[in-house]
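Below you'll find the structure, written out as structure tokens, and then a few comments.
The values are calculated or read from the model by the stated rules, or taken from the named source; none is laboratory data. Here the structure is a predicted model, which is why all the values come from computation and not from measurement. Ideal geometry is used to build each Cβ from the backbone, glycine not excepted, and the neighbour counts take in all protein chains shown.
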Amino acid sequence: MVWTTLLLAVLAAGTVSALARRGREVLTGDRVPGRPESLWRLATLIPLVLVLAEGLNHTPHPVVPPAPAALAHVQGPVLVLPSDQLTDENIMLWTTRTFPKMVNGGSGFTPTGQNTLREEMKTFPDQTSVQALRDIGVHTVVVLRDRVAGTPYQGALDADTEGLDVDRQEMPDAVIFTLR
């Protein structure tokens, strides 16, 4: 790609130089007889038309899912369930207003520690998963109602938290667990 771009840049520079030289000839009157002036003038309009046409955009833009209201005032460190590559990318976007510290995240690969935590959270809230969250300093877990159906995390919506030292707050779009 670099070599192709370099070649195109050299060709473009040569074209600009030739057009500039020809423009000087036209202005000074030192023109070669038989060269069609109107053709050269028309040729200089082609790049202008191409630049203007490039600005026309007919590509449909994707609709970004709106952020759940439960994430508006969440204090970090936080974990949002379900957690997978695609959902984590939405969660990262949704939390850009306050940028809380969070466990969720996605990029080109999944780190081993994050994959292990996702596996442990499939049984949340139980003693093992709550202890794993405390060990890494997470204080809040948000379970999104509209995203957990059919995932291993859906059990968290109705799970009992008795004896876990966890507060549960029901919201229309999520259940928020606060680890004490």
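Here are the numbers for the structure shown:
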item	result
Top-ranked residue in segment 73-86 [being hydrophobic (A, V, I, L, M, F, W, C) and within 19 Å of the chain's Cα centre (by Cα); ranked as nearest to K122 (Cα to Cα)]	L81
Contacts under 9 angstrom Cβ, first residue in segment 47-76 being exposed (fewer than 10 other Cβ atoms within 10 Å of the Cβ), partner aliphatic (A, V, I, L, M) and outside any loop (DSSP other than H, G, I, E, B), 6 or more apart	V64/L93
Qualifying residue in segment 102-111 (condition: exposed (fewer than 13 other Cβ atoms within 10 Å of the Cβ), closer than 23 Å to D146 by Cβ and of a type outside the set (K, R))	no
Helices (runs of 4 or more DSSP H) lying entirely in segment 65-163 (those with 1 or more residues that are assigned by TED's automatic domain parsing to the domain that holds V175 and of a type in the set (F, W, Y))	85-94
Condition check for R168: at pLDDT 90 or above, crowded, with 19+ Cβ neighbours inside 10 Å and basic (K, R)	no
So P47, is it of a type outside the set (G, A, S) and modelled with pLDDT under 75	no
Subset of segment 115-154 (residues that are touching a Ser or Thr at 6+ places or on another chain (Cβ under 8 Å) and of a type in the set (S, T, N, Q))	T123, S129, T140
Filter result for the condition that a residue is touching a strand residue (DSSP E or B) at 6+ places or on another chain (Cβ under 8 Å) and modelled with pLDDT of 90 or more, over K122, K101	K101
Any hit, segment 79-102, residues being touching an Asp or Glu at 6+ places or on another chain (Cβ under 7 Å) and closer than 27 Å to P66 by Cβ	no
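So that you can scan it fast, the table gives a plain yes or no per residue for (1) surrounded by 19 or more Cβ atoms within 10 Å (Cβ to Cβ); (2) without any contact (Cβ under 8 Å) to a residue 40 or more places away in the chain; (3) of a type outside the set (D, E):
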| position | (1), (2), (3) |
| --- | --- |
| L93 | no, yes, yes |
| R97 | no, yes, yes |
| P100 | no, yes, yes |
| V143 | yes, no, yes |
| T151 | no, no, yes |
| F177 | yes, no, yes |
